[in-house]
Amino acid sequence: MHVHTAAMKGLALALLAALSGAALPAAARATADENSGALGPAHLGWLVQGSLEFGGDRVADVYYTNGESQTLRAGQGVGAAVGGHYRFAHSPFDLSASVGFKYVTSLARNADIHINRAVIDVQGTYWLNESTWLSAGPVVHTGGGFSGGGLAQDLNFDTSTGGSIHLGWRWVGFAYTNIRYTDQFGDRLDASSGGVQFIWRF
């Protein structure tokens, strides 16, 4: 009985040593992967985005009968977009593309006064860590215009190309876009804007 117990202890020690020998290289590989920036396999997914932006040249001033007024600016608007993104394998880089709509309207009830435009956005994103990201890329605004609601001259904006930069934490960020519009009369408007962005990647 004593010999059998000793043999069992020897076998257990041998198994423990073998398992320890296998675990140490695996742990070393995991540490090396973390240090080399390996963040996981490639991933192709969806993207949903919302934004609230301010700025740009003044397009129209709307005056109300109660004495209040409102200014519509070329870069102002609420935006929504959908698209896709691709996370490169073992890399902090992510590439995304989206198509959306940006819109701002007046508070007038008796006239439809607004600025609208479609937005095509391509972004290259670098994850500084697992929560914080920085992105930049080209943006195209097309099909845009100002509707005066029959009270002011309508304006049509040419397709415009600009650039944007974003800094975010998880699903919320701050964005700045530099872009200019040209209307049908050849007048140029600064439609640059800054604001808050909400983005979900799946």
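Structural remarks
- Residue within the stretch 109-129 that is among the charged types (D, E, K, R), in contact with a Leu (Cβ under 6 Å, 6 or more places away or on another chain) and either touching a residue at least 60 places away in the same chain (Cβ under 8 Å) or surrounded by 15 or more Cβ atoms within 10 Å (Cβ to Cβ) (or both) present: no
- Checked against the criterion of being crowded, with 19+ Cβ neighbours inside 10 Å and out of contact with any Ser or Thr (no Cβ under 8 Å at 6 or more places or on another chain), the candidates 185, 157, 202, 146 yield just one match: 146.
- Residue that is surrounded by the fewest Cβ atoms within 10 Å (Cβ to Cβ) [pool: residues in the stretch 64-82 that are assigned to a strand (DSSP E or B) and more than 17 Å from the chain's Cα centre (by Cα)]: 69
- Some residue of the stretch 170-183 being within 16 Å of the chain's Cα centre (by Cα), modelled with pLDDT of 95 or more, hydroxyl-bearing (Ser, Thr, Tyr) and in the same structural domain as residue 75 (by TED's automatic domain parsing): yes
- Residues of the stretch 138-171 that are more than 16 Å from residue 190 (Cα to Cα) and touching an Asp or Glu at 6+ places or on another chain (Cβ under 7 Å): 147, 148, 149.
- Within the stretch 100-119, considering residues that are among the hydrophobic types (A, V, I, L, M, F, W, C) and out of contact with any Ser or Thr (no Cβ under 7 Å at 6 or more places or on another chain), the one nearest to residue 85 (Cα to Cα): 119
The values are calculated or read from the model by the stated rules, or taken from the named source; none is laboratory data. Everything quoted here is computed from the prediction, not taken from an experiment. Heads up, the Cβs are rebuilt from the backbone with ideal geometry, glycines too, and the neighbour counts pull from every protein chain shown.
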